[in-house]
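Presented below is the structure to which this report refers.
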Amino acid sequence: IVLASRLSKKIVKPLNELNLEEPLSNEEYDELSPLLKRIDTQQKQIRWQKKELERKQSEFKTVTEGMAEGIVLLNSEGEILSINRAAAELFGTDIFAVGQNILSVNRNPALTELLHKAEKSGHTETVAELGGGSYQIDASTVLSNGEVIGTVLLLLDVTEKIKSEQLRQEFTANVSHELKTPLHTISGSAELMAGGMVKPEDIPEFSRRIFAETRRMIQLVDDIIKLSHLDEGAEDMKREETDLLHIAEGVVQTLQPEAKKAGITLELRGEQAVFSGIPRLLSSIVYNLCDNAIRYNRRDGSVSVEIKNEKDFAVLTVSDTGIGIPPEHRERIFERFYRVDKSHSREIGGTGLGLSIVKHAARLHNAEIGLQSVVDGGTTVTVRFPKTV
Ligand code: ADP
């Protein structure tokens, strides 16, 4: 018994001391060699597969972390398997949400409904409000052998798209409304005249009204065409070396009769300021600013236009002594059809589009617009054009 015990211990000892981390370094028994070789090959295979998995995981992480779109992988129970930074921010959580159920992380009813629908139909999408913006959420189920094993959620920012759709709808509604008002006046006046209901001495007044409304409509249509041209990028308009003073001289000359009629002094001073710009658009900017400065002025008021050079900028300043703009309206007057006093603007032939054209045309020149105004004191608008684009 003693001998057998010792012998078996001696035989088993090297087996217990086998270094399985490096199977090929064991040289005790030749009989074990095939087994150790097999273990070594399998270990190499496992190590390679582990490395490959890590590489793929890090590749997936790098791609998804850098994405502006949110991406979430869920298992069949709706638990989060993976969530990228963008999605975590939108759902108001962090990467530690992994393992939690998506519906406990975010209780948006649209999301609950979306997941239910995706379960039934395989793919579905919806638009939901997340993190202060509008997001399109696409949900697609992942199948394996005909069974749903998970769901992929993709979140795309569609805030801008929805906003521009809304703006377009608003714009169309506004245009229709703006065109309808003068058309009603024209058709009403013409109808009365045609029916002989207007006294001969009133005919000039009726005709004047028709003429004024027609002019306003033409102005409106002109402004709309200009704006839509700017919306499309005005690519047919080429930049050329332009002197802002020369442009302003032309505009001031054109507007001088209108200023005189309103009893307003219109003055231009300054120096040559040359830079690469689109002459027609620059002319539109100066025209609209001066036109407003004259129209929103008081009797015996004045408008002064100044052109100067400041470091790398050509600067246009239009100041008036007019009615001013109350602070709460200053942000919005550059919006399409926004007016401080709708009926006053209409009366004096405004379209509500002048400053939107200024804003758009300035943006195409990378120019900044500054506005200072004192109610009943006057308004100063400054446009700074960078000379190097
Ligand atoms: P409008 O055709 O009505 O003048 P704009 O887009 O040119 O349209 O201007 C928008 C609004 O901004 C005007 O209706 C007016 O209320 C206000 N506004 C613009 N310029 C001046 C100014 N120089 N002084 C006072 N108010 C102004």
Take every DSSP beta bridge with both residues inside the chain and express the antiparallel ones as a percent of the total, to the nearest 5. 90 percent
At a threshold of 8 angstrom on Cα-Cα distance, excluding pairs fewer than six apart, so keeping six or more, what relative contact order does the chain reach in percent? 9 percent
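Under the definition of Cα pairs under 8 Å and six or more residues apart, what whole-number percent is the relative contact order of the stretch 70-208?
Values: 185 pairs, mean separation 25.8, N = 139.
With pairs under 8 Å counted, the relative contact order is 19 percent.
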ASN16 and ARG332 label points (each 7 Å along its Cα→Cβ direction) are spaced in nm at 8.8 nm
Take the Cα pairs of the stretch 159-291, get the Kirkwood Rh, then feed it into Stokes-Einstein at 4 °C and 1.567 mPa s and tell me D in µm²/s. 70 µm²/s
Pairs to check: LYS226/LYS359; LYS261/LYS308; LYS238/LYS311; LYS359/LYS387; LYS311/LYS387. Give those whose C-alpha atoms are more than 20 Å from each other in this structure. LYS261/LYS308; LYS238/LYS311
For the residue pair GLU28 and GLU170, what label-to-label distance in nm results when each label sits 7 Å from Cα along the Cα-to-beta-carbon direction? 8.3 nm
To the nearest 10 square angstrom, how much accessible area does THR41 have with a 1.4 angstrom probe? 80 Å²
At R0 = 45 Å, how high is the FRET efficiency between ASP202 and ALA234 if r is their beta carbon distance? Nearest 0.05 is fine. 0.50
Evaluated at 10 °C and 1.306 mPa s, the Stokes-Einstein D of the stretch 64-179 based on the Kirkwood radius over Cα pairs, in µm²/s, stands at 104 µm²/s
Residue-span extension gain [ASP312 to THR62] - 0.36 nm each, minus C-alpha spacing: 85.8 nm
Which value in nm describes the separation of the simple spin-label points at GLU271 and GLN136, placed 7 Å from the Cα toward the beta carbon? 5.3 nm
Which value does Rg/Rh take for the stretch 238-389 over its C-alpha atoms, Rh per Kirkwood? 0.95
State, as an integer percentage, the relative contact order of the stretch 293-389 based on alpha-carbon contacts under 8 Å between residues 6 or more apart. 33 percent
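Hand me the GluC sites (Glu not before Pro) from the stretch 74-147 located in a DSSP loop with no more than 13 other Cβ atoms within 10 Å, in residue order please.
On the way: sites: GLU77, GLU79, GLU89, GLU113, GLU119, GLU125, GLU129, GLU147; in loops: GLU77.
Qualifying residues, ordered by number: GLU77.
Step by step: find N for the chain, compute 2.2 N^0.38 Å, then divide the Cα radius of gyration by it. What's the final number? Write out the running numbers ahead of the final one.
Working: Rg = 37.5 Å, N = 389, 2.2 N^0.38 = 21.2 Å.
For the chain, the normalised Cα radius of gyration is 1.77.
For the stretch 124-231, how big is the tail of P(r) above 21 Å, as a whole percent of Cα pairs?
Numbers: 3656 of 5778 pairs.
Across the stretch 124-231, Cα pairs with separations above 21 Å total 63 percent.
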Relative to the present Cα-Cα distance, how much length would full extension add between PHE96 and VAL375 at 0.36 nm per residue of separation? 95.0 nm
Heavy-atom accessible area of LEU7 with all protein chains present, probe 1.4 Å, nearest 10 Å²? 100 Å²
From the phi of every residue in the stretch 238-243, what ³J(HN,Hα) in whole Hz does the Karplus formula 6.51 cos²θ - 1.76 cosθ + 1.60 yield, where θ is phi - 60° and glycine or proline is x? 9, 6, 8, 4, 10, 9
For the stretch 1-124 (alpha-carbon point model, no solvent) the Debye-based log₁₀ I(q)/I(0) at q = 0.18 Å⁻¹ works out to -0.99
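If each DSSP helix of 4+ residues adds -39,500 (n - 2.57) and the sum is divided by the residues in the chain, what number results at 222 nm, nearest 500 deg cm²/dmol? Don't skip to the answer; put the middle values down first.
Values: 12 runs with 193 residues, N = 389.
After summing the helix terms and dividing by residue count, I get -16500 deg cm²/dmol.
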At most 16 other Cβ within 10 Å, DSSP loop - GluC sites (Glu not before Pro), the stretch 236-313: GLU271
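The values are calculated or read from the model by the stated rules, or taken from the named source; none is laboratory data. Source: prediction; values computed, not measured. Note that we place each Cβ from the backbone using ideal geometry, even for glycine, and neighbour counts take in every protein chain shown. All accessible areas refer to the heavy atoms of the entire protein, side chains included, with ligands and DNA or RNA removed. Shrake-Rupley method; radii C 1.70, N 1.55, O 1.52, S 1.80 Å.
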